[in-house]
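Undergrad: Following this message is one structure expressed as structure tokens.
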Amino acid sequence: MADSVPAVGPLIAVCANQAWNLVNFRSGLIAALRDAGFRVLAIAPPDPTMETRLRAMGCDFAAAPIDAMGLSPWRDLRTLLALRRIIRVQRPVAWLSWTIKPNVYGSLAAGMAGVAALPNVSGLGTAFLRKNFLTALVVGLYRIGFARASTVFFQNAEDCELFLAQGIVRSEQARLLPGSGIDAAAWAPHSPARPAPRGFLMIARIVADKGVREYVAAAREIKLRWPDARFRLLGFRDVANRTAVGAEELAAWEAEGTVELIEPTDDVRPAITAADFIVLPSYREGLSRVLLEAAAMGRPIVTTDVPGCRDIVTDGANGYLCRPRDSASLATALTRAATTDDDNWHRMADAGRARVIREFSLERVNRLYFSALIDAGILPPTAL
């Protein structure tokens, strides 16, 4: 664990189940907190590369044993005790978290210490997509963890309504947040020109719940009509997820040649720039960061008509929608994309970027966080 943070300014703890989540998705909020005079302690499992980057962002770092997908109660107890110890030693004034276990066990540990917790439900995950015993367990854990939370953020209205209906949160706790916030300047289009038509790119962890198999099946169908169509898939393999696609299946896709697999990169902007349409056939999202980045860069989108995706895309306005878990419906949407003329492509590209700037800006997200900190008594009302 990190040494005690020097006593200069109040401390806010930020926690996720992987350090790259904090680096890639929360850097704008971290910068705003530091500009407001807070010290920031980043908490995540050990990751020397990401720890170095977090320290370069001005954070201190504490390693915690967070098993993202494990079901062992003993490991989860170890997580709870580790987070409780970090909170007691470092004494933050607020706890900000993302992903299930930091939300549940971190909020519980914060509540035990009398620290204001502001967890962010950035997606429901496999437990809610496949109803089984695990769903009931997760619901129970959420209910316990969020009992004393100051604010619980949700990234789409349907997730919020579900938690309210099941009594996991109270109405006075729940607030909507438009994602993690997009810096429109950092995600500006690199060129006004349209790339070569029928160049499709999917950016996602290679797991079934992202609709990867539907993407491959639809690609086969599209290439029968347009053999020159290009389908690329950029994402992490061997991820800790119960629906992860195995190495043997991935090897078969590569050998078939229908989809080109691309290694993950710290900067996806060149890949987005080279694509005609960005595709995400996910079964459900909190609020898809990939789609927000794509829209900000002026790329029309093909995605599913589900929470967290349809919040970003209006069919025909800045992309096309299809049914989830349905490769034939996805192929129909991809056909619409493949036959989109240049005028309509540019219209959709402009509409998508304008929507991100209007509804999903980093500035708006940071204001909502600061408003919640004011309500929790962490910041004075004049902070906004």
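Undergrad: Within a Cβ distance under 13 Å of Leu250, other residues only, what is the Lys/Arg minus Asp/Glu net charge? Could the numbers behind the result be given before it?
TA: Values: positive: Arg205, Arg213, Arg237; negative: Asp238, Glu248, Glu249, Glu254, Glu256, Glu260, Glu263.
Taking every other residue near Leu250 into account, the sum is -4.
Undergrad: Next up: If you take the charge dipole of region 309-354 about its Cα centre, with +1 on Lys and Arg Cβ and -1 on Asp and Glu Cβ, which of Thr332, Ala317, Asn344 is farthest toward its positive end?
TA: Working it through, the farthest residue towards the positive pole turns out to be Thr332.
Undergrad: Rounding to the nearest 10 and keeping the result within 0 to 90°, find how far the Cα-based axis of helix 212-225 lies from the longest principal axis of the chain.
TA: 20 degrees
Undergrad: Turning to a different aspect of this structure: Taking only DSSP H segments of four or more residues, each worth -39500 (n - 2.57), what value at 222 nm results for the chain once the sum is divided by all its residues, to the nearest 500 deg cm²/dmol?
TA: Mean residue ellipticity, 222 nm, calculated: -12000 deg cm²/dmol.
Undergrad: To one decimal place, what Kirkwood hydrodynamic radius in Å is obtained for region 177-300 from all pairs of distinct Cα atoms? It would help to have the intermediate numbers written out before the result.
TA: Working: mean 1/r = 0.0659 Å⁻¹.
With all distinct Cα pairs of region 177-300 included, I get 15.2 Å.
Undergrad: Here's another thing I want to ask about it. Could you please state how large a percent of the accessible area of region 278-372 is carbon and sulfur, counting protein chains only and using a 1.4 Å probe? Let's see the in-between values first.
TA: On the way: 1460 of 3220 Å².
Looking at region 278-372 in its full context, I get 45 percent from C and S.
Undergrad: Pairing the Cα long axis of helix 327-338 with the longest principal axis of the chain, what angle in degrees results, from 0 to 90 and rounded to the nearest 10?
TA: 70 degrees
Undergrad: Would you work out the relative contact order for the chain, in percent, from Cα pairs under 8 angstrom that are 6 or more residues apart? Provide the component values of the computation, followed by the final result.
TA: Details: 735 pairs, mean separation 53.0, N = 384.
Taking the mean separation of contacting Cα pairs over the length of the chain, I get 14 percent.
Undergrad: For the chain, with a Gaussian network of springs between Cα atoms less than 10 Å apart, report the residue from Ser329, Ser97, Ser191 with the top mean-square fluctuation.
TA: Highest fluctuation among the options: Ser191.
Undergrad: Hey, another quick one. For the peptides 208-215, 375-382, what is the packing order when you average, over each peptide's residues, the other Cβ atoms within 10 Å and list the highest mean first? Each step should come with its number before you reach the end.
TA: Numbers: 208-215: 23.1, 375-382: 13.5.
Ranked from most to least packed, the peptides come out as 208-215, 375-382.
Undergrad: Hey, in the GNM for the chain with a 10 angstrom Cα cutoff, which one of Asn120, Asn21, Asn318 fluctuates hardest?
TA: In the Gaussian network model the winner is Asn21.
Undergrad: Using +1 on the beta carbon of Lys and Arg, -1 on that of Asp and Glu, and nothing else charged, what's the dipole of the chain about the Cα centre, debye to 20?
TA: Values: 44 positive and 39 negative charges, 184 e Å.
The calculated dipole for the chain is roughly 880 debye.
Undergrad: Using +1 at the Cβ of each Lys and Arg and -1 at the Cβ of each Asp and Glu in region 131-239, identify which of Val169, Ala208, Val152 lies farthest towards the dipole's positive end.
TA: In region 131-239, that residue is Ala208.
Undergrad: For the chain, what is the accessible area per residue in Å², given a 1.4 Å probe and the full set of protein chains? Before the final figure, lay out each step's value.
TA: Details: 15960 Å² over 384 residues.
Normalised by residue count, the accessible surface of the chain is 42 Å².
Undergrad: Build a GNM of the chain with springs between Cα atoms under 10 Å: which of Arg310, Arg148, Arg242 gets the top mean-square fluctuation?
TA: So, out of Arg310, Arg148, Arg242, the one fluctuating most is Arg242.
Undergrad: Stokes-Einstein D for region 36-87 at 10 °C, 1.306 mPa s, Kirkwood Rh over Cα pairs, in µm²/s? Numbers along the way, then the final one.
TA: Working: Rh = 12.1 Å.
Rounded to a whole number, D works out at 131 µm²/s.
The values are calculated or read from the model by the stated rules, or taken from the named source; none is laboratory data. In this text, all values refer to a predicted model and were calculated from it rather than measured experimentally. Positions of Cβ are backbone-derived with ideal geometry, glycine not excepted, and every protein chain shown enters the neighbour counts. When the accessible area is computed, the model is the full protein with side chains, heavy atoms only, and any ligands, DNA or RNA have been set aside. Shrake-Rupley method; radii C 1.70, N 1.55, O 1.52, S 1.80 Å.
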